[in-house]
1. So, A244, is that one modelled with pLDDT under 95, hydrophobic (A, V, I, L, M, F, W, C) and in a helix (DSSP H, G or I) or not?
2. Scan segment 78-95 for residues that are under 12 Å from M118 (Cα atoms) and charged (D, E, K, R) and jot them down.
3. For I256, only one of the following conditions fails: (1) at pLDDT 90 or above; (2) surrounded by fewer than 20 Cβ atoms within 10 Å (Cβ to Cβ); (3) within 21 Å of A143 (Cα to Cα). What is its number?
4. When segment 278-291 is examined, which residues are found to be assigned to a helix (DSSP H, G or I), more than 18 Å from Y253 (Cβ to Cβ) and touching a residue at least 24 places away in the same chain (Cβ under 8 Å)?
5. Here is a list of conditions, (1) in a helix (DSSP H, G or I); (2) modelled with pLDDT of 60 or more, and D33 meets all of them except one; can you say which number that is?
6. Which residues, taken from segment 91-102, are touching a residue at least 60 places away in the same chain (Cβ under 8 Å) and under 15 Å from G123 (Cβ atoms)?
7. Test S181 against the criterion of being at pLDDT 75 or above and either in a helix (DSSP H, G or I) or farther than 30 Å from G59 by Cα (or both), and give yes or no.
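The values are calculated or read from the model by the stated rules, or taken from the named source; none is laboratory data. As the structure is a prediction and not an experimental result, all values here were calculated from the model. Positions of Cβ are backbone-derived with ideal geometry, glycine not excepted, and every protein chain shown enters the neighbour counts.
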Amino acid sequence: MARPTQGDPGLKTWLKRLAQLAATVVVTWFILDSVGFDTAALRDAGVAGWRPNVLVLAGATVLLLGAYVASAAIWGRIVVDLGGPRLTSLDSVAVFMVANLGRYVPGKVWQIAGLVAMAKGKGVPGVVATGAAVLGHGIALVAATLIGLAVLLDIPGPLRPWGFAAAAGAVALVVLIAIPSTFRSGVGLWFRMTRTEAPEALESLHGLRWLSMYLLNWLAYALSFWLLVVSFQADAPLVPIATAYAAAYVLGYLMIFAPAGVGVREGVLIVFLTPHLGVGPAGAIAVIARVWTTVVEVVPAAALWMRSVSGQPAGEAASSE
């Protein structure tokens, strides 16, 4: 009988997945324990009797879906700026949203790998597709960080210096993007860090324009989350609630062991929302938000994927821009 080798990829994969799961559980527990969140807090808050304002919830959902579509359009714009073909709007949305399903697999590379593979099917060169994906993710994170800074700057006590440090870092990144020479150097470093090949059209990068588009994009994401909260808690303050969502996204994204930041993002969101909503309502909102964003992202992506595998190309009915 054959013996499994020491380098058995199946065993290594399972061990890696278990380690990622353990890390996610430990980090999430630590975060939740820091604010005293448990099932008793949910029960005491009476969240079982919550009923959303349907019209406000519908508005939040439409805005969130629009933000996803805008993210796809920005990625398509970066493809063009890097010398790639101009995709139809529907093709950009289909490629981007279907590839986004890779976020739910541990490790952030699957989202980018899926985007590159699908883009190649639309005639986008691999280097350009990878470049647009890597640059888009990097600048989107900068935009989300800038919007989430208000939460960090509002943290009282010993954590306040970290908020100012984050603000200084964000300003430095904006300056880096604004100056063409430093931006090109920074982009080169980013590609080396992500172990991807830089596209040849680095001279045509338009960092400030991309950052501006992603800032507007992330404002839409943040406002959609605030509307979700308002649909359950009508008196939710705008700025701390909306910016908390962006800050939680960034921290969840950085935890590469957690697929789509699950657990960690919710824990951080509870920490940020507790001063404004209370620990029980904050926990309920965090769970509701995860289900809501997943449904709004996965359902259209699944429909677009089914359309493509059924032999009906996503851009068939759309004209080229």
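1. yes
2. D91 - this is the single residue of segment 78-95 that is under 12 Å from M118 (Cα atoms) and charged (D, E, K, R).
3. So the condition that I256 fails would be (1).
4. Within segment 278-291, the first condition is being assigned to a helix (DSSP H, G or I), and the residues that meet it are 279-291.
Pick out the ones that are also more than 18 Å from Y253 (Cβ to Cβ) and you get 279-285, 287-288, 291.
The answer is V279, G280, P281, A282, G283, A284, I285, I288.
5. Just one mismatch for D33, condition (2).
6. Hits for segment 91-102 are D91, A94, V95.
7. no
For (1) modelled with pLDDT of 85 or more; (2) within 20 Å of G138 (Cβ to Cβ), each residue gets a yes or a no:
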| position | (1), (2) |
| --- | --- |
| L42 | no, no |
| A45 | no, no |
| A73 | yes, yes |
| G76 | yes, yes |
| T88 | yes, no |
| R103 | no, yes |
| Q111 | no, yes |
| L115 | no, yes |
